Amino acid sequence: MLSKQRARYAYFLILPALALITLLKLVPTVEAVLVSMQQQSMMRPNPEAFVGFAHYARALFEEEIFWGSLRRSAVWTLGSVAGSYIVGLSLALLLDREIRGRTAFRALLLVPWVIPDVATALLWKWLYGDQVGIINFLLVKFGLVTKPILFLADPALAMASVILVQVWKLYPVMFVVLLAALQNVPRELHEAAEIDGAGAWQRFRFVTFPFIRPTSVIITLLGAIWTFQNFDLVYLLTGGGPADATEVLPTLVFKKGFWALEIGYATAIGMLMLLCLVALSVAYLYAYRVAGQDKEGAAR
Amino acid sequence: MTGSAAASQEIRDTARPVDFRRPLAAAAVYFVLMSVVAFILFPIFWMVSSSFKPQTELFARDITMLPVEWTLESYRSVWQGTAFPTYFWNSFKVAALSTLCSVVISMYAAYAIARIRFAGRYAFGMLLLITQMLPHILLVIPLFLVMQRLKLLNTHTALILAYTAVSLPFTVWLLRGFFEAIPEELEDAAAIDGASLLTIFHRIILPLAGPGLAAVAMFSFIRAWNEFLFALVFLQSRVFFTLPIGLASFQEEFTFRWDLIMAGASIITVPVLFFFLLMQRFIVQGLLGGAVKG
């Protein structure tokens, strides 16, 4: 077939996809930029009035809530990613051996990842409950605490409690990717190191870890990108409370936009959030390319 | 797929063998693994176990691990005494229709990118990649305004459109990989016989890409089935609620009715778990392909 004719076909074939992406992704993105510079507030008339960078200035210089939420977003992201990396890596190391039922164990350990967010959140609320929750029941029964711990209602504990849920949800991805990366570690090197008298930690640090480092960087950045923009879990578990203790950027954007109906201001905060995500994404793409080059270099 | 066979072969070759001459060591490894799995999966066990308990046992002073008296009462109450069935069918409808749309739309687009050289091919690929990075919490505000203008707020159409658009980048990317794996010679032979591009696609490529289409369909379905934020923003009437927001609203509507909530949470999880176990291998590969190449 003539290549020109084929090319014309191609445009027909991508047309529906292109139309949908344009209407529901591209137009909204442009609109987000515009809206973030418009009045767009229930409190004031004339929603389309141009206000320039006023919303950005308000978020950055006038109100504490943006910086507070950014800080909590950082804690939430770092805590979740570090926790799930450690859990995922430990499990990968544990399962990195030739045993019967390996595939079954791998499948079982992946399950938390596929549970719908709403089920995850409700189920952990049930576990965390102060009157009838199983965790508090066991803690009291074994005499570890005298009165129930308010996991989600105590401002000092709420962040740690929601992070634990995200770790439970995120570790499977880390685990399965690291397990695959561990296949690249040559067994002979391990044996040689063992003969040379290297301990378990030294073998991990100097033999295993260098082989899984590029993968670790990539997967932790990816985990950070996912966690940073996660809305569902925090919203469903605490709604950003108590007393803003778990108010992260996504819940802040949602509340400003759909509760306070300050759409312009909410979008401006969303755009600032996007900037942070772009930085993470650039780091991710860079790590991805470096890892690719390493692989090519090793192959040569 | 041949890749998976090779991968599992590789696993067998390089993984450290457990020394079965020392049965105690092997037993220790199994013991540790099983304890860890039990610990990690406990929350899911607890959800299911709670859903089979009668209300009196659920809130009894002394908590029981397994129901002393097994009952389907909470499932019956949630299905007959609440709007749960409405939410369930709404979710099913929205997920099924958006899956259909995204499979059909993405298979043509993916084929074009995989096989045809055209100006803008690269740009189209980049557009898909970049728009995938937009956080939903930012996207949902202007999308709300777009839907308002199109008079689609509080309709399932809004959700179906949004879910299709959101899953497109991923489905196109995944299907493209499947199409590229099919040998091009098959198409050349048909082209020489005078078959048109679309005939070739429908008669030769699609039948061969069956597993790929199934994988893409399940990904789209699960994604739509689980989606929370867009549904929360677009839908206002209870009769249109999907499962995630319907179930979340149980918290206010039926405070302390954990029997209903756990039964509902178990039901929403079942289809997802079923698809996952069915597609486990593809999902793992998709993850590995996405995060680390090779």
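Its Kirkwood hydrodynamic radius, worked out from the mean inverse distance over all distinct Cα pairs, puts segment A:82-137 at 13.5 Å.
About its Cα centre, the dipole of segment B:82-253 is roughly 460 debye, where the only charges are +1 on Lys and Arg Cβ and -1 on Asp and Glu Cβ. Comparing B:Ile268, B:Ser249, B:Gln280 along the charge dipole axis of segment B:217-289, the residue lying farthest to the positive side is B:Gln280, per the Cβ-charge model. For chain B, the calculated P(r), taken from all Cα-Cα distances in 5 Å bins from zero up to the bin holding the longest distance, is 1, 5, 9, 11, 13, 13, 12, 11, 9, 8, 5, 3, 1, 0, 0, 0 percent.
Residue exposure proxy: A:Arg71, A:Arg106, ordered by other Cβ atoms within 10 angstrom of their Cβ from fewest to most, comes out as A:Arg71, A:Arg106. Residue farthest toward the positive end of the dipole of segment A:1-91, with Cβ of Lys/Arg at +1 and Asp/Glu at -1: which of A:Leu26, A:Val87, A:Phe61? It is A:Leu26. Close amide H pairs (under 5 Å, H built 1.01 Å from N) link A:Gln38 with A:Val51, residues at least 5 positions away or on another chain. Using the Cβ-Cβ distance between A:Asp154 and B:Glu252 with R0 set to 22 Å, the FRET efficiency works out to roughly 0.50. Computed extension gain for A:Tyr11 through A:Leu34, at 0.36 nm per residue and net of the alpha carbon distance, reaches 5.3 nm. For the protein assembly as shown, the Cβ-based charge dipole about the Cα centre amounts to some 640 debye (Lys, Arg positive; Asp, Glu negative; other atoms uncharged).
Taking a point 7 Å from the Cα of B:Met133 along the Cα-to-Cβ direction, the residues of segment A:261-275 with backbone N closer than 11 Å to it are A:275.
The alpha carbon centroids of segment B:199-224 and segment B:166-185 are separated by 9 Å. For segment A:144-273, the alpha carbon convex hull comes to 147 Å³ per residue, rounded to a whole number. The Cα trace of segment B:179-270 gives Rg and Dmax of 22.3, 69 Å, the first to one decimal, the second as a whole number. For the residues of B:44-50, the average number of beta carbons from a partner chain within 10 Å of their own beta carbon is 4. May I ask you to list, by number, the DSSP H helices of chain A whose Cα span along the axis is at least 24 Å and whose average Kyte-Doolittle hydropathy reaches -0.5 or more? Result, helices passing both filters: A:3-21, A:64-95, A:155-182, A:209-228, A:263-299.
Selection among B:Pro211, B:Leu139, B:Ile116 by position relative to the dipole of chain B gives B:Leu139 as farthest towards the positive end (Cβ unit charges, Cα centre). The slack in the chain from B:Gln80 to B:Thr64, taken as 0.36 nm per residue of separation less the alpha-carbon distance, amounts to 3.1 nm. Could you tell me what % of all Cα pairs in the protein assembly as shown have separations over 45 Å? Counting every Cα pair in the protein assembly as shown, those more than 45 Å apart make up 21 percent. The ellipsoid equivalent to the alpha-carbon distribution of segment A:237-283 has semi-axes of 21, 15, 6 angstrom, derived from the gyration tensor eigenvalues as √(5λ) and listed largest first. Think of each Lys and Arg Cβ as +1 and each Asp and Glu Cβ as -1; about the Cα centre, that makes the dipole of chain B roughly 360 debye. When only Cα pairs below 8 angstrom with a gap of at least 6 residues are kept, chain A shows a relative contact order of 27 percent. Here, P(r) means the percent of Cα pairs in each 10 Å bin from 0 to the largest distance; for segment A:54-299 it is 7, 25, 29, 22, 13, 4, 0. Taking a quarter of the surface of the Cα convex hull of segment B:99-142 gives a mean projected area of 4.0 nm². Membrane-span-like helices of chain B, defined as complete DSSP H segments with a Cα extent of 27 Å or more along the helix axis and a mean Kyte hydropathy of at least -0.5, are identified as B:23-51, B:84-115, B:156-180, B:258-291. The simple spin-label model puts a point 7 Å past each Cα toward its Cβ; for A:Glu194 and B:Thr56 those points are separated by 5.9 nm.
In the calculated pair distance distribution of segment B:82-253, what percentage of Cα-Cα distances lie above 29 Å? Could you put the intermediate results ahead of the total?
Values: 4521 of 14706 pairs.
Of the Cα pairs, 31 percent sit more than 29 Å apart.
Here segment B:261-287 is scanned for amide nitrogen atoms under 20 Å from the site 7 Å beyond the Cα of A:Gln183 along Cα-to-Cβ, giving B:277-287. Summary value for chain B: 28 percent relative contact order, contacts being C-alpha pairs under 8 angstrom separated by 6+ residues. When the Gaussian network model of chain A links Cα atoms closer than 10 Å, the mean-square fluctuations of A:Ala121, A:Ala260, A:Ala17 top out at A:Ala17.
Taking every C-alpha pair closer than 8 Å and separated by at least 6 residues, the mean separation divided by the residue count of segment A:80-202 gives a relative contact order of 42 percent.
Each principal axis of the Cα atoms in segment A:1-140 has its own extent, and those three values, largest first, are 63, 58, 27 angstrom.
Using the structure shown, list the pairs from A:Lys25/A:Lys255; A:Lys25/B:Lys93; A:Lys141/A:Lys255; B:Lys93/B:Lys151; A:Lys125/A:Lys255; A:Lys4/B:Lys93 with a Cα-Cα distance above 30 Å, or answer none. From A:Lys25/A:Lys255; A:Lys25/B:Lys93; A:Lys141/A:Lys255; B:Lys93/B:Lys151; A:Lys125/A:Lys255; A:Lys4/B:Lys93, over 30 Å: A:Lys141/A:Lys255; A:Lys4/B:Lys93. A simple spin-label model places the labels of B:Val270 and A:Glu98 4.2 nm from each other, with each point 7 Å out along Cα-to-Cβ.
A short reminder: the numbers here are calculations on the coordinates, not readings from a lab. Treat the numbers as computed from the prediction; the structure is a model and nothing was measured. Glycine gets a Cβ as well: all are built from the backbone with ideal geometry, and neighbour counts include every protein chain shown.
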